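For reference, the structure discussed in these notes is given below.
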Amino acid sequence: MPARPKVLVAGGGVAALEALLALHDLVGRRVHLELLAPGTQFLNRPASVAEPFGLGGPAPVTFAGVTAHCGATLHTGTLAAVRPEASVVVTADEHELDYDTLVVAVGGRAAEALRGAVPFAGPQDVPALAAVLDAAERGEVRAIAFALPVRIGWTLPLYELAIMTAVELRSRGARDVQLTLVTSENAPLWLFGEPASDALSTLLRERGIDLVSGRPAAIANGQLVLERGELIPADRTIVLPPLQGPWIEGLAHDDHGFIPVDPHGRVSGAPGVFAAGDATSFPIKQGGLATQQADVVATTLAADLGAVDSAAPFRPVLRGLLLTGGAPLYLRAELTAKGTVQRTGHARRALHGQVSTRALWWPPGKVAGRYLAPYLATARPVSLGREPLRDRGAGGAPPPAGDAGEALELALLMAEEDARAGDLAQALHALDAAAALAGGVLPREAARKRDAWRAALAPAALSL
């Protein structure tokens with residue numbers, strides 16, 4: 001009997017675990033699954049935002065437990081390089097592992113956000129934020145700013161931090177602390193549509209949080225300085241650090257280290273190599289989208305092996321659970337057709353969003369992964385293929401499926417928003433991701449904007 005092909009998943013975050021669970025369900029008996037992960041357990045970064053406020057997080061999930069559930073082999077280490085011509089990966093401690101198919105799901109790396117700010121990127125930053133709350137309770141901190149630096153593709157956690165800080169300080173009797181949230185977004189959480197923006201604006205007002213439009217430039221003398229010169233009182237400034245890519249040697253990457261992929265997650269120039277999640281160049285870095293990318297990769301591999309008939313391309317559906325210190329808000333959005341543009345004949349897209357205090361998907365966790373959500377929600381093994389995550393529409397039915405191309409259009413939409421906010425460099429990165437999804441060819445209008453944005457940046461580059 002020929003040996004089963006070896007599928008190696010590299011990473012220890014939501015995309016890696018989702019890929020492993022999906023592959024186990026779809027092709028588990030046809031392949032030999034292996035996981036290369038750092039450390040011993042999964043760090044649930046999306047849920048860590050609740051920890052500074054005394055809210056319990058989910059139970060730990062060990063890599064040994066997940067691999068045992070999937071019948072997979074576990075390797076401990078960090079992916080450093082890939083040699084596609086030899087089908088070999090090299091770990092940071094120079095160990096080599098061979099593969100037939102590789103799924104790179106190693107996530108991104110936090111970069112320095114704003115000198116002097118308090119970053120929040122996950123469990124490791126919980127003590128620093130808790131210290132800010134304690135200082136505010138003692139009266140040592142009278143003003144806190146929450147700011148979004150450049151290159152942030154997922155803003156929801158900052159709103160959670162601001163809102164729950166307001167609730168926490170009020171419960172401690174520290175009612176005179178000034179809270180300000182600074183964002184360059186056109187509207188709060190604009191990706192989820194107008195209903196979500198309206199609901200969040202109301203929530204910020206009710207919690208006494210000032211909303212300021214702008215981009216942070218520096219911190220000086222107890223103030224946050226915005227690019228346009230405005231000064232925001234800030235004894236402490238909390239920021240979400242931007243991500244940079246993993247810079248995997250041997251794989252194509254953009255100038256921030258992210259891996260461009262096609263709509264099925266394939267990495268150009270590396271046969272048998274796929275990538276999913278924050279390691280890719282897709283501009284929105286969010287756990288739910290990372291799991292959707294992982295599902296596309298797993299289904300594509302299953303189709304290649306004949307386990308399923310076909311594999312649909314990446315079609316992003318945004319799901320976000322916003323913690324408020326009270327009843328959470330469930331947010332969901334997807335692209336829908338909105339008429340036609342007669343001049344070009346192309347369908348125009350709009351984001352259709354929902355907001356509700358009732359769960360819009362089930363199980364209703366922070367990580368809305370088809371396989372990972374039910375795995376995290378149960379204390380016993382379940383048949384994830386028969387009990388996957390499912391959407392719950394207003395009438396209990398899931399939303400209708402759309403056609404392909406949503407990932408490309410969402411990347412183009414992100415580019416437009418970045419350009420509107422004045423971040424042309426990030427807009428160009430979003431266009432690079434769009435080009436990868438479109439096979440290297442941008443729509444004509446997007447290509448025209450790319451040329452214009454590059455020309456606008458050229459004088460600034462020459463002056464450096």
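The values are calculated or read from the model by the stated rules, or taken from the named source; none is laboratory data. Just so you know, these numbers come straight off a predicted model, no measurement behind them. Counting neighbours? That spans all protein chains shown, and the Cβs are built from the backbone with ideal geometry, glycine included. When the accessible area is computed, the model is the full protein with side chains, heavy atoms only, and any ligands, DNA or RNA have been set aside. Shrake-Rupley method; radii C 1.70, N 1.55, O 1.52, S 1.80 Å.
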_Relative packing of peptides 154-162, 185-193 - highest average C-beta neighbours within 10 Å first_ = 154-162, 185-193
*Ignoring ligands and nucleic acids, what accessible area does L331 show with a 1.4 Å probe (Å², nearest 10)?*
0 Å²
*Once both axes come from the Cα atoms, what is the angle between helix 444-462 and the longest principal axis of the chain, in degrees from 0 to 90, rounded to 10?*
60 degrees
*asked:* For the pair E112/E137, report the inter-label distance in nm, with labels modelled 7 Å from Cα in the Cβ direction.
replied: 3.2 nm
*Among the DSSP beta bridges whose two residues both lie in the chain, what percent are antiparallel, rounded to the nearest 5?*
50 percent
*By its C-alpha gyration tensor, with a ≥ b ≥ c as the square roots of the eigenvalues, how is region 128-229 shaped: rounded for a/c under 1.5, else prolate for a/b larger than b/c, else oblate?*
oblate
*Remind me, what semi-axes does region 214-285 give for its equivalent ellipsoid, largest first in whole Å, using sqrt of 5 times each Cα gyration tensor eigenvalue?*
38, 10, 10
*asked:* Past the 22 angstrom mark, what percentage of all C-alpha to C-alpha distances in region 43-185 do you count?
replied: 55 percent
*In region 149-251, what % of DSSP beta bridges are antiparallel (nearest 5)?*
60 percent
*Divide by every residue of the chain the summed helix terms, -39500 (n - 2.57) for each DSSP H run of at least 4, and state the resulting mean residue ellipticity at 222 nm, rounded to the nearest 500 deg cm²/dmol.*
-9500 deg cm²/dmol
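If you count, for each residue, the other Cβ atoms within 10 Å and average over each peptide, how do 213-220, 3-10, 304-311 line up from highest to lowest? Before the final figure, lay out each step's value.
Working: 213-220: 17.1, 3-10: 21.0, 304-311: 13.2.
Descending mean neighbour count gives 3-10, 213-220, 304-311.
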_Between helix 406-420 and the chain, what is the angle of the helix's C-alpha long axis to the longest principal axis, kept within 0 to 90° and rounded to the nearest 10?_
30 degrees
*For the chain, find the longest principal axis of its Cα atoms and tell me its angle to the long axis of helix 126-137, 0 to 90°, nearest 10.*
10 degrees
*asked:* For region 1-133, give me the percentage of DSSP beta bridges that are antiparallel, rounded to the nearest 5 percent.
replied: 40 percent
*So, by mean Cβ neighbours within 10 angstrom, what's the order for 312-321, 174-183 with the highest one leading?*
312-321, 174-183
*Given C-alpha coordinates of the chain, what is the ratio Rg to Rh with the Kirkwood estimate of Rh?*
0.96
